[in-house]
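The structure appears below as structure tokens.
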Amino acid sequence: MTDRQVAVIGLGNMGAAMAETLARAGFAVTGYDPGAGPRARAAAAGIALADSPAAAFAAAPVAVLSLPMARHVEAVLTGDDGLMASGLADRLVIDTTTSEPAVTRRLAAVLADAGHALVDAPVSGGPAGAAAGTLTMMVGGAAADIARAQPVLDALSAKLSLCGDVGAGHVVKLVNNLLCAAHLLTVSEAVRMGVAAGVDAETLIGALNAGSGRAGVSEVNFPRWILSGLFDSGFTMGLMRKDVGLAQTLAGDTGTSMPLLDVAARLWRDSADALGDDEDFNRIAALD
């Protein structure tokens, strides 16, 4: 068994795309997901399937997690059919979930006591980036563990940011997503003002992106998903609301005052009356 054998646990939009990218890069990939749809997609792509998290960990010394929430990560690591119950040794877990830093650090300590290692590597770039192997990854962990994870990280990403010790990647990802959520609101308001004053929206966005007011939202989200009307980024309102909530919890835990970002968080919560959790997160740009 070698580190070119990788398990991917969680085969949703992101996990499935990452599994397929790793397979194209020459890794022997085993996937696990409890859902029939994700399992069918993985099987159609030639990904071997395990019947449980423990079986997936048994199939490879390195495992990539792509799960909805921290509680799902905890379940596959410490649950009755997870890594800790498997009796396996020396597994490297790369957690790409947008998760809770405190939970990540606690789980890393539990795994370390059992001879395993955890690297947190949450991602930006969506399913398209996962499919192309061009994700941005924000990485936290011990240097030796990151070095061991490097071949997998390199296959999945175009940009790696080394953020610090384990848990630091998840801190940076929450900060990133909170800013993205806020920028969607501020750029949308500013664009509405410019359009109301007589400037074409595409012209306005092009000019903004040449100036100091540009943001990732104006450079990517507006041209690709908002002005085009596609709204098919693969990232939902519910996921962004979850991430904004986690960022607010982190602010509370650290005693950080965020009066402006708290307003943004409230607007995201209140938008649930008009936009369901399954809607594309860019649709908040259309709310007045």
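The values are calculated or read from the model by the stated rules, or taken from the named source; none is laboratory data. Model, not experiment: these values are computed from the prediction. Reconstructed Cβ throughout: ideal geometry from the backbone, glycine too, with neighbour counts over all protein chains shown.
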| Looking at the range 221-278, which of the residues that are of a type in the set (Phe, Trp, Tyr) and not in a helix (DSSP H, G or I) is modelled with the highest pLDDT? | Phe231
| task | Can you work out which of the residues in the range 202-225 that are among the small types (Gly, Ala, Ser) and closer than 15 Å to Leu184 by Cα is surrounded by the fewest Cβ atoms within 10 Å (Cβ to Cβ)? | result | Gly213
| task | For Leu67, indicate whether it is closer than 19 Å to Leu49 by Cα, outside any strand (DSSP E or B), in contact (Cβ under 8 Å) with a residue 40 or more places away in the chain and not acidic (Asp, Glu). | result | yes
| field | Residue within the range 13-21 that is closer than 25 Å to Asp243 by Cα and not hydrophobic (A, V, I, L, M, F, W, C) present | value | yes
| within 26 Å of Trp225 (Cβ to Cβ) and among the polar types (S, T, N, Q), is that true of Thr98? | yes
| task | Would you mind telling me which numbered condition in (1) part of a helix (DSSP H, G or I); (2) more than 23 Å from Leu160 (Cβ to Cβ) Met14 fails? | result | (2)
| remark: Taking the range 58-106 and keeping only residues that are under 16 Å from the mean Cα position of the chain (by Cα) and among the polar types (S, T, N, Q), one is left with Ser66, Thr96, Thr97, Thr98, Ser99, Thr104
| message | Report every pair of residues separated by at least 6 positions or lying on different chains whose Cβ atoms are under 6 Å apart, first residue within the range 208-224 and among the β-branched types (Val, Ile, Thr), second surrounded by 13 or more Cβ atoms within 10 Å (Cβ to Cβ). | response | Val217/His183; Val217/Leu184; Val217/Val187
